[in-house]
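Below is one structure, written out as structure tokens; the observations come after it.
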Amino acid sequence: MSALEKPADYVVVGAGPAGCVLAARLSEDPDCQVLLIEAGGRDWNPLLGVPLMTGLILRSAYANWSYVTEPEPQLNGRRTQWARGRVLGGSSSIHGMVYMRGVCWSAGQPLVSSLFASRAAGWAPQER
């Protein structure tokens with residue numbers, strides 16, 4: 001019996017970061033048959049690895065679902081683009097390698113430093 005003929009024990013929908021990790025962990029059991037389903041294609045496009053090309057990728061129907069939000073009252077009824085990855089690797093493949101560290105200010109007020117001290121060593125503003 002081939003792998004395609006044997007019924008799957010688990011079906012994981014979406015080959016983004018979480019789906020791939022879940023499928024990989026489940027497949028560590030040799031007695032388990034795991035089926036990973038992804039609507040998009042492979043992340044073969046070299047532009048996916050070039051941060052400057054993110055704008056092109058976000059306009060591509062190949063790699064982006066091109067969702068649009070409902071009208072937002074806080075934006076005077078405007079709709080905004082909601083980029084979601086439609087490629088192996090999910091949205092992490094189209095994010096343009098963007099990195100953003102957490103903001104240490106909230107509404108102009110510093111966050112409580114005990115929050116940083118108790119849970120996130122090295123992330124307090126004075127530790128940067």
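Place a point 7 Å from Cα of SER66 in the direction of its Cβ. Which residues in region 16-55 have their backbone N less than 15 Å from it?
Counting backbone N atoms under 15 Å from the label point, the list is 55.
Efficiency by 1/(1 + (r/R0)^6): what FRET value for ILE37 and ARG84, r their Cβ-Cβ distance, R0 = 25 Å, to the nearest 0.05? Spell out each step's value before the answer.
Details: r = 16 Å, r/R0 = 0.64.
Efficiency for this residue pair is about 0.95.
Within region 40-77, which residues have the backbone N less than 15 Å from the label spot 7 Å out from SER91 along Cα→beta-carbon, could you tell me?
58, 64-70
Could you tell me the center-to-center distance, by alpha carbons, between region 1-43 and region 70-88 in angstrom?
30 Å
Calculate, axis by axis, the spread of Cα positions in region 41-97 along the three principal axes, and write the results as whole Å, longest axis first.
Sorted from largest, the Cα extents of region 41-97 read 38, 21, 15 Å.
No lab work stands behind these numbers, since they all come straight from the coordinates. Keep in mind the model is a prediction, meaning the values are calculated, not measured. When we count neighbours, we look across all protein chains shown, and the Cβ atoms used for this are built from the backbone with ideal geometry, even at glycine.
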